[in-house]
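**Q** Attaching a single structure in structure tokens format; questions to follow.
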Amino acid sequence: RVCIPATHRHLLVAQNTTGVYVCPSFIDPALDALGQDLLDRINARLANQDPFFSASYDDEATALIARTQSLPIDENGRVRLPDAMIAHAGLKDKIVFVGKAQKFQIWDADRYAPIEAEAIARVKAKMERARNGDAS
């Protein structure tokens, strides 16, 4: 069981989400967690595609919808993550919740530290290039 921080629980409640939707990230060794609003937007985007003759529909539905589980949150803000999701994210003793505006991610703390450092370095490098007149 993990305890979802209050700031993220408030986000879920504001989106009329009684629990939390969680899926393995298909980009990172982490779990993506989201509320009803984002799930509704994903479903609306998929609704614009043909569900029988669109490879894109099947890919997106498989990557996002089929792997997303609705998990109940108990009165103390705790949720039980499925074993397969724990294995996907390599969660061990220390985890970190990472807010990403429309969603948040659940990471193993040791795995996330270098990812965060690399992202910050890329943003700093981009800012430095912009200051020097290089817009790339």
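**Q** State the extension gain, in nm to one decimal, for the chain segment bounded by Ser70 and Lys94, taking 0.36 nm per residue of separation less the distance between their alpha-carbons.
**A** Contour length minus the Cα-Cα distance gives 6.3 nm.
**Q** What spacing in nm lies between the two simple spin-label points modelled at Ala109 and Arg1, each 7 Å away from Cα in the Cβ direction?
**A** 2.0 nm
**Q** Express in % the proportion of alpha carbon pairs of the stretch 5-136 at distances exceeding 27 Å.
**A** Values: 2794 of 8646 pairs.
Here the long-distance tail beyond 27 Å is 32 percent of all Cα pairs in the stretch 5-136.
**Q** Can you tell me which of Ala119, Ala63, Ala33 moves the most in a GNM of the chain? Springs connect C-alpha atoms under 10 Å apart.
**A** Among Ala119, Ala63, Ala33, the largest GNM mean-square fluctuation belongs to Ala119.
**Q** Along the positive direction of the dipole of the chain (beta-carbon charges: Lys, Arg +1; Asp, Glu -1; about the Cα centre), which of Met85, Gln102, Leu64 reaches farthest?
**A** Working it through, the farthest residue towards the positive pole turns out to be Gln102.
**Q** I need the phi-derived Karplus couplings for the stretch 77-93: 6.51 cos²θ - 1.76 cosθ + 1.60, θ = phi - 60°, integer Hz, Gly and Pro marked x.
**A** Once θ is set to phi - 60°, the couplings for the stretch 77-93 become x, 9, 9, 9, 7, x, 4, 5, 6, 4, 5, 4, 8, x, 5, 10, 6 Hz.
**Q** Can you sort Arg67, Arg131, Arg45 by 1.4 Å-probe accessible area, starting with the largest?
**A** Output order, biggest surface exposure first: Arg131, Arg45, Arg67.
**Q** How high is the relative contact order of the chain, given as a whole-number percent (alpha carbon pairs under 8 Å, six or more residues apart)?
**A** The value is 28 percent.
**Q** Before rounding to the nearest 500, sum -39500 (n - 2.57) across all DSSP H runs of length at least 4 in the chain and divide by the residue total; then give [θ] at 222 nm in deg cm²/dmol.
**A** It comes out at -13000 deg cm²/dmol, rounded to the nearest 500.
**Q** For the stretch 67-74, just list the computed ³J(HN,Hα) in residue order, Karplus coefficients 6.51, -1.76 and 1.60, θ = phi - 60°, integers in Hz, with x standing in for Gly and Pro.
**A** Listing the rounded values in order: 9, 8, 10, 8, 10, x, 10, 7 Hz.
**Q** Something else now. What's the center-to-center distance, using Cα atoms, between the stretch 88-135 and the stretch 1-74 in Å?
**A** Using only Cα atoms to place each centre, the spacing works out to 20 Å.
**Q** Where is the GNM fluctuation largest for the chain (alpha-carbon springs, 10 angstrom cutoff): Leu12, Leu46, Leu31?
**A** Residue with maximal mean-square fluctuation among Leu12, Leu46, Leu31: Leu46.
**Q** Could you calculate the FRET efficiency of Glu116 with Ala87 from 1/(1 + (r/R0)^6), where r is the beta carbon distance between them and R0 is 22 Å, rounded to 0.05?
**A** 0.50
**Q** Would you please give the residues with an amide H less than 5 Å from that of Thr17, counting only those at least 5 places away or on a separate chain, with H modeled from the backbone geometry?
**A** Long-range HN contacts for Thr17: Gln36.
**Q** Report the charge-dipole magnitude of the chain in Debye, nearest 20, computed about the Cα centre from +1 at each Lys and Arg Cβ and -1 at each Asp and Glu Cβ.
**A** I would put it at about 440 debye.
**Q** Also: Could you state the accessible area per residue of the chain in Å², with a 1.4 Å probe and every protein chain left in place?
**A** 63 Å²
**Q** Hey, another quick one. Can you send over the carbon and sulfur percentage of the accessible area for the stretch 5-126, probe radius 1.4 Å, protein chains only?
**A** Answer for the stretch 5-126: carbon and sulfur cover 56 percent of the accessible area.
The values are calculated or read from the model by the stated rules, or taken from the named source; none is laboratory data. These numbers were taken from a predicted model, which means no experiment stands behind them. All Cβ positions, glycine included, derive from the backbone under ideal geometry; neighbour counts span all protein chains shown. Ligands, DNA and RNA are excluded from the accessible area calculation, which covers all protein heavy atoms including side chains. Shrake-Rupley method; radii C 1.70, N 1.55, O 1.52, S 1.80 Å.
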